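Chemist: Let me begin by handing over the structure; questions about it come next.
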Amino acid sequence: MIHRTTRVAAAAGAVALLPLLAACGGGASPDGSATASSTLTLVTHDSFAVSDDVLAAFEKESGLTVEQVAPGDAGTLVNQLVLTKDAPLGDVVFGVDNTYASRAVDAGVFEAYQPADLDPAVAAYAPDDLAGTLTPIDMGDVCMNLDDGWFEKHDVAPPVTLEDLAKPEYKDLTVVTNPATSSPGLAFLLATVGAFGTDGWEAYWADLRDNGVKVAESWEDAYYVDFSGAGEGGQRPIALSYATSPAFTLSDDGKSSTTSAMLDTCFRQVEYAGVLAGSDNVDGAKQLVDFLTSPEFQADVPGQMYMYPADPDVELPADWQQFAPLADEPFEVAPADVAAHRDEWIEQWTSTVVG
């Protein structure tokens with residue numbers, strides 16, 4: 001099974017819950033005063049997934065019922081949170097990442113909250129300007145992925161670095177995602193800003209454009225439609241995905257992977273959870289955030305969402321060390337610079353690459 005099929009399928013039914021959101025607010029007691037609802041709405045991106053038994057155990061222990069709604073990719077999610085902040089979509093959000101988080105925080109989308117017993121190593125994944133507002137849940141490296149079989153078949157040496165992708169021998173072989181619509185796309189844009197600086201990243205993208213880079217609107221399109229390594233008939237052997245993706249393209253005997261990640265092209269993505277300001281059940285919402293940091297949920301993350309849990313004590317799948325290692329030195333951009341220039345960089349990228 002290829003990376004994130006489970007995440008997308010699990011979220012598909014959640015979109016149907018949108019019309020029910022009005023029913024998720026508090027009711028009224030016999031004397032007319034407001035009462036907190038026992039139903040919580042978890043607003044997520046469209047790749048959220050959790051094992052049924054893990055969620056059921058939380059619901060049984062807490063007495064709460066969790067409904068999920070997924071407006072779209074992380075970028076769409078943040079846009080919807082900002083647009084609906086005066087009439088929030090739910091009680092808790094999961095999936096706002098470090099490429100978009102400052103926008104939502106600055107817009108006043110969240111109630112300040114972090115679990116009291118949060119491991120300091122986990123809390124450290126949230127930049128200072130987010131500390132106390134958002135809680136780190138998982139992380140992963142956004143990297144270019146290769147269809148190793150394609151390169152072997154065509155007797156072409158695979159690329160290693162960002163610079164390689166602009167070389168003539170890789171013309172028309174690469175697909176990325178649009179940073180205006182895709183959080184992996186924005187993460188990769190930031191990787192190039194980190195690699196080439198504010199004065200050099202646009203020229204690099206102009207070189208990629210001239211070398212035939214294709215831009216897809218979503219990760220699903222880039223990976224499943226365009227990437228030859230996904231086994232779905234794609235024609236491009238270089239695609240933007242995650243460092244964990246090769247752990248889900250294993251051979252039948254599990255001893256090798258048909259794809260690999262270019263670990264010198266990565267940007268580390270951290271996903272957060274937070275209590276939405278205006279929740280009708282703030283206490284219940286805090287319990288749900290606590291659950292997302294619990295050992296039970298954290299242990300479920302790798303198998304369900306194919307990301308690294310934020311909790312460093314969680315045991316990872318046995319084959320991840322071999323097939324899904326994190327990058328030793330991912331590219332970085334200061335969170336303050338992301339907050340200050342994100343929209344500007346997206347506009348410049350669009351003008352340079354799409355026109």
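The values are calculated or read from the model by the stated rules, or taken from the named source; none is laboratory data. Only a predicted model underlies this, so the values are computations on that prediction, with no experimental measurement involved. Glycine also receives a Cβ, built like all others from the backbone with ideal geometry; neighbour counts cover every protein chain displayed. Only protein heavy atoms, including side chains, enter the accessible area calculation; ligands, DNA and RNA are left aside. Shrake-Rupley method; radii C 1.70, N 1.55, O 1.52, S 1.80 Å.
Chemist: Please go through segment 288-309 and give me each residue that is under 17 Å from Asp46 (Cα atoms), without any contact (Cβ under 8 Å) to a residue 60 or more places away in the chain and open to solvent by 10 Å² or more (accessible area, probe 1.4 Å), ordered by number.
Modeler: The answer is none; no residue qualifies.
Chemist: Here's something else I'd like to know. With the requirement that a residue be open to solvent by less than 40 Å² (accessible area, probe 1.4 Å) and either assigned to a strand (DSSP E or B) or within 19 Å of Thr99 (Cβ to Cβ) (or both), what does segment 253-268 give you?
Modeler: Hits for segment 253-268 are Ser257, Thr259, Ser260, Ala261, Thr265, Cys266, Phe267.
Chemist: When residues of segment 342-355 are filtered for being more than 19 Å from the chain's Cα centre (by Cα), more than 30 Å from Thr259 (Cα to Cα) and open to solvent by 60 Å² or more (accessible area, probe 1.4 Å), how many remain?
Modeler: Residues meeting the conditions: 4.
Chemist: Here is a further query. Do the conditions hold for Ala277, that is, is it touching a strand residue (DSSP E or B) at 6+ places or on another chain (Cβ under 7 Å) and open to solvent by less than 20 Å² (accessible area, probe 1.4 Å)?
Modeler: Answer is no for this residue.
Chemist: Given the conditions (1) open to solvent by 10 Å² or more (accessible area, probe 1.4 Å); (2) among the small types (Gly, Ala, Ser); (3) within 23 Å of Asn79 (Cβ to Cβ), and given that Ala191 satisfies all but one, which numbered condition is not satisfied?
Modeler: (1)
Chemist: Since Glu271 meets every condition but one in (1) in contact with a Leu (Cβ under 6 Å, 6 or more places away or on another chain); (2) assigned to a strand (DSSP E or B); (3) within 27 Å of Ala123 (Cβ to Cβ), which condition does it not meet?
Modeler: For Glu271, the failing item is (1).
Chemist: Additional query: Filter segment 251-268 for residues that are at pLDDT 95 or above and among the basic types (Lys, Arg) and give the result.
Modeler: Hit for segment 251-268 is Arg268, nothing else.
Chemist: Can you name the condition, by its number, that Ala277 falls short on among (1) closer than 20 Å to Leu186 by Cβ; (2) in contact with an Asp or Glu (Cβ under 7 Å, 6 or more places away or on another chain); (3) not hydroxyl-bearing (Ser, Thr, Tyr)?
Modeler: (1)
Chemist: Using the structure shown, decide if Ala334 is more than 18 Å from Ala116 (Cβ to Cβ), over 16 Å from the mean Cα position of the chain (by Cα), among the hydrophobic types (A, V, I, L, M, F, W, C) and modelled with pLDDT of 95 or more.
Modeler: no
Chemist: Follow-up question, since we're still on this one. Would you confirm whether or not segment 200-211 contains a residue that is in a loop (DSSP other than H, G, I, E, B) and out of contact with any Pro (no Cβ under 6 Å at 6 or more places or on another chain)?
Modeler: Scanning segment 200-211 turns up at least one residue that is in a loop (DSSP other than H, G, I, E, B) and out of contact with any Pro (no Cβ under 6 Å at 6 or more places or on another chain).
Chemist: Report whether or not Gly284 is open to solvent by less than 10 Å² (accessible area, probe 1.4 Å) and either in a strand (DSSP E or B) or without any contact (Cβ under 8 Å) to a residue 40 or more places away in the chain (or both).
Modeler: No.
Chemist: Right, something else. Pull up segment 173-185, narrow it to residues that are open to solvent by 10 Å² or more (accessible area, probe 1.4 Å) and among the hydrophobic types (A, V, I, L, M, F, W, C), then point me to the one that is farthest from Trp150 (Cα to Cα).
Modeler: Ala180
Chemist: Further question: Please find, within segment 315-341, the residue that is nearest to Val301 (Cα to Cα) out of those that are open to solvent by 50 Å² or more (accessible area, probe 1.4 Å), outside any loop (DSSP other than H, G, I, E, B) and of a type in the set (A, V, I, L, M, F, W, C).
Modeler: Phe331
Chemist: From Ser38, Ser62, Ser47, which residue is surrounded by fewer than 23 Cβ atoms within 10 Å (Cβ to Cβ), in contact with a helix residue (DSSP H, G or I) (Cβ under 6 Å, 6 or more places away or on another chain) and touching a residue at least 60 places away in the same chain (Cβ under 8 Å)? Steps first, please.
Modeler: Details: Ser38 fails: in contact with a helix residue (DSSP H, G or I) (Cβ under 6 Å, 6 or more places away or on another chain); Ser47 fails: surrounded by fewer than 23 Cβ atoms within 10 Å (Cβ to Cβ).
None of the others qualify; the one that does is Ser62.
Chemist: Just wondering, is there one or more residues in segment 112-129 that are among the hydrophobic types (A, V, I, L, M, F, W, C), free of Cβ contacts under 8 Å to residues at least 24 places away in the same chain and under 21 Å from Glu332 (Cα atoms)?
Modeler: Within segment 112-129, one or more residues are among the hydrophobic types (A, V, I, L, M, F, W, C), free of Cβ contacts under 8 Å to residues at least 24 places away in the same chain and under 21 Å from Glu332 (Cα atoms).
Chemist: Looking only at segment 84-98, decide whether some residue is modelled with pLDDT of 90 or more, in contact with a helix residue (DSSP H, G or I) (Cβ under 6 Å, 6 or more places away or on another chain), among the polar types (S, T, N, Q) and closer than 20 Å to Met305 by Cβ.
Modeler: No - not one qualifying residue is present in segment 84-98.
Chemist: Take the residues in segment 55-75 that are assigned to a helix (DSSP H, G or I) and not aliphatic (A, V, I, L, M), then tell me which one is nearest to the chain's Cα centre (by Cα).
Modeler: Step by step, filter segment 55-75, then rank; the result is Gly75.
Chemist: Let me ask something additional. Hey, does segment 230-240 have a residue that's open to solvent by less than 10 Å² (accessible area, probe 1.4 Å) and either in a helix (DSSP H, G or I) or of a type in the set (Phe, Trp, Tyr) (or both)?
Modeler: Yes, because at least one residue in segment 230-240 is open to solvent by less than 10 Å² (accessible area, probe 1.4 Å) and either in a helix (DSSP H, G or I) or of a type in the set (Phe, Trp, Tyr) (or both).
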